[in-house]
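Contents: one structure, followed by commentary.
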Amino acid sequence: MPITAKRRKARKEAEVAITRLQDLAKEQADRLGPYADQAREQAARTLLQARGWTAPRLETAANRVEDTVAPRVAGLLTAAAQRVDPKPARRGLRGLRNGGRRIPRAVLIGGAALVGGVIVYSLVRMRQASQDAEWQEHLDQAREQVRETREDLEDKAGKVAEKAGEKAGAAAEKAKDAKEAVKAAASDRSKDNGRPGR
């Protein structure tokens, strides 16, 4: 076999080895890609779980305000109206209709609504603050899990890339060694034939 044919063969083998290593690196990248997708899906599931956990608690808080706070506010306002009333004999809406000196109905209703609204608003804000803190805690946990997963994936991808680089380097060394062996064989043959080597 001529020297040029051997060189071509060695070059082709080196190219084939490099192509195999590139394919191996692509396969490893494709294999690790789903881990990133899993981390994204896990974060979405965790956020959905946090929302599912919070929704019933908000509804329960609303029901408690409606069942406990609203009747108490109404009772307090009724008691205050009775204490303020200068003519205790006339109670209720009839006293307003008879034209006695009383506080207008719109003012009473507006005051009751205002006081009730302030109380409900303060309770809702306190509850919302505690819920926000819990949501933030769940969100921080989800972020931490995603960060850890991403770091693990980066470490694995780095190791795969290093292995692929080492294999590519080894294949290049083999190709170089093969090329040098072909040169040495050609030099030996040319010496045997009495011709100067290339």
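The values are calculated or read from the model by the stated rules, or taken from the named source; none is laboratory data. Computed from a prediction, not measured in an experiment: that's the story for all the values here. Every residue, glycine among them, receives a Cβ derived from its backbone with ideal geometry; neighbour counts consider all protein chains shown. Quick note on the areas: whole protein, heavy atoms, side chains included, nothing else; ligands and nucleic acids left out. Shrake-Rupley method; radii C 1.70, N 1.55, O 1.52, S 1.80 Å.
Conditions tested, residue by residue: (1) touching a Lys or Arg at 6+ places or on another chain (Cβ under 7 Å); (2) of a type in the set (A, V, I, L, M); (3) in a helix (DSSP H, G or I); (4) in contact (Cβ under 8 Å) with a residue 40 or more places away in the chain.
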{"position": "E137", "(1), (2), (3), (4)": "no, no, yes, no"}
{"position": "A142", "(1), (2), (3), (4)": "no, yes, yes, yes"}
{"position": "V146", "(1), (2), (3), (4)": "no, yes, yes, yes"}
{"position": "R150", "(1), (2), (3), (4)": "no, no, yes, yes"}
{"position": "E154", "(1), (2), (3), (4)": "no, no, yes, no"}
{"position": "E166", "(1), (2), (3), (4)": "no, no, yes, no"}
{"position": "G169", "(1), (2), (3), (4)": "no, no, yes, no"}
{"position": "A181", "(1), (2), (3), (4)": "no, yes, yes, no"}
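Checking the condition in a helix (DSSP H, G or I), touching a residue at least 12 places away in the same chain (Cβ under 8 Å) and open to solvent by 90 Å² or more (accessible area, probe 1.4 Å), which residue from R40, R45 passes? Before you say what the answer is, go through the steps one by one.
Details: R45 fails: touching a residue at least 12 places away in the same chain (Cβ under 8 Å).
The unique qualifying residue is R40.
Just to be sure, is K159 out of contact with any strand residue (DSSP E or B) (no Cβ under 6 Å at 6 or more places or on another chain), modelled with pLDDT of 85 or more and surrounded by 14 or more Cβ atoms within 10 Å (Cβ to Cβ)?
Values: out of contact with any strand residue (DSSP E or B) (no Cβ under 6 Å at 6 or more places or on another chain): yes; modelled with pLDDT of 85 or more: yes; surrounded by 14 or more Cβ atoms within 10 Å (Cβ to Cβ): no.
Criteria not met by K159.
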Checklist entry - Using beta carbons and a limit of 9 Å, which pairs, at least six apart or on different chains, have the first residue in the stretch 102-117 and farther than 17 Å from D85 by Cα and the second one open to solvent by less than 70 Å² (accessible area, probe 1.4 Å) and at pLDDT below 90? => result V115/V73; V115/L77; G116/V69; G116/A70; G116/V73; G116/A74; G116/L77
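Quick check on the stretch 113-121. Is at least one of its residues hydroxyl-bearing (S, T, Y), open to solvent by 60 Å² or more (accessible area, probe 1.4 Å) and under 36 Å from the mean Cα position of the chain (by Cα)? Steps first, answer last, please.
Initial filter on the stretch 113-121 (hydroxyl-bearing (S, T, Y)): 121.
With open to solvent by 60 Å² or more (accessible area, probe 1.4 Å) added as a condition, the list becomes 121.
Of the ones still in play, those that are also under 36 Å from the mean Cα position of the chain (by Cα) are 121.
For the stretch 113-121, residues hydroxyl-bearing (S, T, Y), open to solvent by 60 Å² or more (accessible area, probe 1.4 Å) and under 36 Å from the mean Cα position of the chain (by Cα): present.
Out of all the residues in the stretch 106-142, which are charged (D, E, K, R) and closer than 20 Å to L58 by Cβ? Give the steps one after another, and end with the answer.
From the stretch 106-142, those charged (D, E, K, R) are 125, 127, 132, 134, 137, 140; that's our starting set.
If the condition is that a residue be charged (D, E, K, R) and closer than 20 Å to L58 by Cβ, then R125, R127, D132, E134, E137 are the ones that fit.
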